[in-house]
Amino acid sequence: QVRLVESGGGLVQAGGSLRLSCAASGRTFSSYVIAWFRQAPGKEREFVAAARWSASSTTYAESLKGRFTISRDNAKNTVYLQMNSLKPEDTAVYYCAAKLFYSSSTAQSYDYWGQGTQVTVSS
């Protein structure tokens, strides 16, 4: 059983930064991809970024490149999402998700999900 627990969300002013954490447990994650998605009220879940656990490769939503950075700490089984220059339109519930082997920007391809953490950016 894979368990993912997000933390680090909160209220921040526009232009500020937040770092989200996704703590993973229950498996050896060397073959997994961990991704971040977000979902704003009334909108579909949107891909943010993904990282392969055992490789340096990362992928990002094109619109978020340069502001968001995904990284991982294998010793802590934790994946991070550093979010800078936040905008009100970044307000959403942020989820981490896991799947085997290959990165994907499609939410339906991920098998495991955390409960989400709320990020609210005020103008």
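A short reminder: the numbers here are calculations on the coordinates, not readings from a lab. Quick caveat: nothing in here was measured; it's all calculated off a predicted structure. No Cβ is skipped: glycine too gets one built from the backbone with ideal geometry, and neighbour counts run over all protein chains shown.
For residue 104 and residue 44, compute 0.36 nm times the residue count separating them, minus their Cα-Cα distance, and round to one decimal in nm.
Difference between extended and current length: 20.0 nm.
Under a no-solvent Debye model with one identical scatterer per Cα of the range 53-122, what's log10 I(q)/I(0) at q = 0.12 Å⁻¹?
Scattering profile of the range 53-122, log10 relative to I(0): -0.36.
What share of Cα pairs, in percent, lie more than 15 angstrom apart in the range 1-66?
Of all Cα-Cα pairs in the range 1-66, 65 percent lie more than 15 Å apart.
What does the charge count around residue 104 come to, taking other residues whose C-beta lies under 12 Å from its C-beta (Lys +1, Arg +1, Asp -1, Glu -1)? Write out the running numbers ahead of the final one.
On the way: positive: 52, 99; negative: 111.
Local net charge: +1.
What is the P(r) of the chain, as percent of Cα-Cα pairs per 10 Å bin from 0?
Histogram of Cα-Cα distances, whole percents per bin: 14, 50, 30, 6, 0.
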